[in-house]
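The values are calculated or read from the model by the stated rules, or taken from the named source; none is laboratory data. None of the values given here were measured: they were computed from a predicted structure. Don't worry about glycine lacking a Cβ; one is built from the backbone with ideal geometry, like all the others, and counts go over all protein chains shown. Heads up: the accessible areas ignore ligands, DNA and RNA and are worked out on the full protein's heavy atoms, side chains in. Shrake-Rupley method; radii C 1.70, N 1.55, O 1.52, S 1.80 Å.
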Amino acid sequence: MHRSILASLFVVITLHAEDWAQFRGNNGSGISESKNIPTEFAADKNIAWKARLGDGVGSAIVKNGVVFATGMAGDGKVALQAFDAATGAVKWKSEFDTGTLPRITPPNSHASSTPATDGERVYLHFSTIGLLAFDSATGKEVWRYSMPRPAYLMDWGAASSAIVHDGMVIFCQDDDLAPFLVAVDAKTGKEKWKTLRKDMLAGYAVPVMCEGDIVVAGSGKMKGYDPATGVEKWTCNTLLRTIMTSPVVQDGVIYIAVQSYGDSTRTLKHALLEWLDTNQDKILARDETPKEFHERFDTSDKNKNGLIDPDEIDTAFQSPDNMAAGGNIIQAIKGGGKGDVTKTHLLWNIDPKTPSNIASPLVLNGRLHVVKSGGMSSCYDIKDGKSLWDRSRLGNFGDYFASPVAADGKIFIAGKNGFVVVLQDGPELKVLAKNDLGEEVIATPSIADGRLYIRTRENLFCVAAGGSQAALAESTPTPSAGEISLQPVSRSRLWNGYTGNAMGQESWSDEELDQRLQQLKKLGYTSVAIPKSVTPFTPIRVDGDTAGRKAFRGAKTFENPDVVAITARFRDKAAKLGFEIVTAEPVAVSVLPKNDFSDKKSLSELVTPMCGEGVAERMWLGFQEIDKAAQLIAKNDPKLGLPAPDMLLRHLKATGPVPEWLTQVKTHCLNAMSEMYRANTRAREGSRSFTLYTAKRMEFAFHLVSAIEALHKAHDPALRAESLEAAMDSTYNALNSWSDAARDSSDRGAIALMNEFGYRPLVKAVKGGQ
């Protein structure tokens, strides 16, 4: 009998031998001891189960055979759910109200924090509340610890995660207003200690443990704290200004890889002047800063003139004792010590161009791995920082927000585009597989008990060997017609939305066209142009390696076979609403953005009531830049941006240096993008879909013109390979930017056409050696 009991205990221990109880698992290492993790998987291959979570970017955690994950649950609510790790069966779901949500910047989500657990309770941070604890068996809320809302000068939004250590929940809130590190009792939620970090700026590093200390990376400094008291024990002053990655620890050494925007001269004031200085006069006015910072603004305004002057701005929001700047670093720092250990504990420091500003490093078997946007992998020997490979392509373009994780001799690297690249752990780069989940991935994957859990933007996939359940198909929301802003000019109140291809109303549904008619009526249009005849456009493939495929929500093709019947119904509805029906041929349009406003006043009349004061001014500056770009294009290359089979490849035939006018167009697009993002920062919460859409369209234009510029450089044999890769990268980034804000079928049609006529022919040409 005793033998039977022991055998049963052994089975239980074996089944639940491994947990992943916080962000990146044990001490944030990103490493699991699991075996038999599938190398190859897809949305319908080796998937044990899939669960709907709602919007979010926080990772799943696993404890004692239960998976915990969060997601937004509708307006003003967040849900924490518990699932059976093997089957995906829902054990419980606990929802709580958020209150008024703050401003955030995509791709962040309000459900951004990864939970942590000790098996008794699940702990979660939420920006409008603080820390919450839930009973891990029932989901019942146990306690709350209220915290001030984090405030970010650049409106990034909260994204930090808690850890559990020695009966305490430890959380670091590094924001731009009042950063601190806090520990609360895990059972009661009572504060144990709270340590201010006044010399820090906004950052998201998760605390790690090393040599018995709580170690936190922050602006300019890596610091160690006493877990019992929160007293700072040591500091290593070697980091950069903005720390979004988290360190990892191995054998008493702390490793960190950081990219912070700008160079060694770029302190915070440069970012403030770039993004908050609305009129670009190199001076910050009080109304140019978020209201949360007005008290701090007043303190920094020494001469009380309502401005932060050039001689005041250096230390207005950045500590004079910690004027850290930008750059790139990978460092190894010996843990422990007392006081300032900068000169004694920095083991090595390199300044490569390889770190990410978001994805944390992975240290595995004596090697440090980093991945950054563009799908570039780099690896270093942890003994001395010697490079093993440098910015080698993974075969998957795009952005990378998730940090790499490892198990079973493999490294899993998830791209934002939904592809998960699998590397073989070893001294040389070897790609084993590229797996397509078909959904956007921001969160870092989790691993426990032979299963890989991947939290996409809306769902949670459980990857396991032998899993044969096809992922449940998500219903595609009815597309909505994008809000139009073009006012009819006095000489013409005619609307023509047909383009002769997938970019126009040829791709629209009945619902979209119904909304468009209501918008046209509201704006005072009197006539609608409809072609004498319409035919369905050829279906366009939008799966697999399609750039910007997020816009298509898992569809394999973009098509509208019912366009003839839909157009007939549109004609009848328009006539019944009193519109004059005019027969007119489709009008081809460019994929490049244009200015729909005749003057600043008409823009302000639309934007100010919706977005608030100061937004229209910034947007008008952006539209003026677009006007300048459009004038140059009309004069030098009127076909630029028009969908056609050779819309990109024709630029490969260019000879001579890059035309000066094209460089000017690129500069105007960059300026327009910057102004629109500044406008988006100023827009009130709830109105940002409009400003963000405009900013993303400008970002698309900048990347597309960058691709064309690279193609012009490709005629030089010495630059050809590099230039072609740059063109592919830029085209891919352009379409992903548009996809992030795509709002109607015209947007999706443009993205589909750009893949068909631009991106895929370019990839084929490069791979074919043309």
Given q = 0.19, 0.23, 0.27, 0.33 Å⁻¹, what are the Debye log10 I(q)/I(0) values for the stretch 639-681, with equal point scatterers placed on the Cα positions and solvent ignored? -0.75, -0.88, -0.97, -1.07
Calculate how large, on average over all directions, the projected area of the Cα convex hull of the stretch 344-386 is; give the answer in nm² to one decimal. 3.4
For the chain, what does the helix formula give at 222 nm: sum of -39500 (n - 2.57) over DSSP H segments with n ≥ 4, over the residue count, nearest 500 deg cm²/dmol? -8000 deg cm²/dmol
How would you rank 563-572, 301-310, highest first, on the average number of other Cβ atoms within 10 Å across their residues? 563-572, 301-310
The chain - accessible surface per residue (Å², probe 1.4 Å): 40
Restricted to Cα positions, what overall size does the stretch 545-658 have along the principal axes? Three whole-Å values, descending. 55, 42, 34
Let me know the Kirkwood hydrodynamic radius for the stretch 403-462, please, with Cα pairs as the basis and the value in Å to one decimal. 11.7
Report D for the stretch 48-178 in µm² per second (integer): Stokes-Einstein, Kirkwood Rh on Cα pairs, 25 °C, 0.890 mPa s. 164
First obtain the Kirkwood hydrodynamic radius of the stretch 669-770 from its Cα pairs, then insert it into the Stokes-Einstein equation at 4 °C and 1.567 mPa s, and state the resulting D in µm² per second as a whole number. 89
The stretch 356-433, Rg to Rh (Cα coordinates; Rh as Kirkwood inverse mean 1/r): 0.92
Using a 1.4 Å probe on the protein chains only, how many percent of the accessible area of the chain belongs to carbon and sulfur? 52
Along the charge dipole of the chain, which of V206, V591, P106 sits closest to the positive end, that is, farthest toward it, with unit charges on the beta carbon of Lys, Arg, Asp and Glu (+1, +1, -1, -1)? V591
Give me D for the stretch 122-278 in µm² s⁻¹, whole number, from Stokes-Einstein with Rh from the Kirkwood sum over alpha-carbon pairs, 4 °C and 1.567 mPa s. 79
Taking only Cα atoms of the stretch 236-279, the Rg to Rh ratio with Kirkwood Rh works out at 1.14
So how many Å³ per residue does the convex hull of the Cα atoms of the stretch 601-745 work out to? 115
Given 16 as the ceiling on other Cβ atoms within 10 Å, longest exposed-site-free region of the chain for GluC sites (Glu not before Pro) in DSSP loops: 212-427
Determine the dipole magnitude for the stretch 616-770: charges of +1 sit on the beta-carbon of Lys and Arg, -1 on that of Asp and Glu, nothing else is charged, the reference point is the Cα centre, and the result goes in debye to the nearest 20. 160
For the chain (alpha-carbon point model, no solvent) the Debye-based log₁₀ I(q)/I(0) at q = 0.07, 0.08 Å⁻¹ works out to -0.53, -0.70
Using only the C-alpha atoms of the stretch 227-334, find the volume of their convex hull and express it per residue in Å³. 138
Taking the 0 to 90 degree range and rounding to the nearest ten, how far is the long axis of helix 2-15 tilted relative to the main principal axis of the chain, both from C-alpha atoms? 40
Kirkwood Rh for the stretch 593-671 from C-alpha pairs, in Å, is 14.4
What value in Å³ per residue do you get for the convex hull of the alpha-carbon atoms in the stretch 185-272? 113
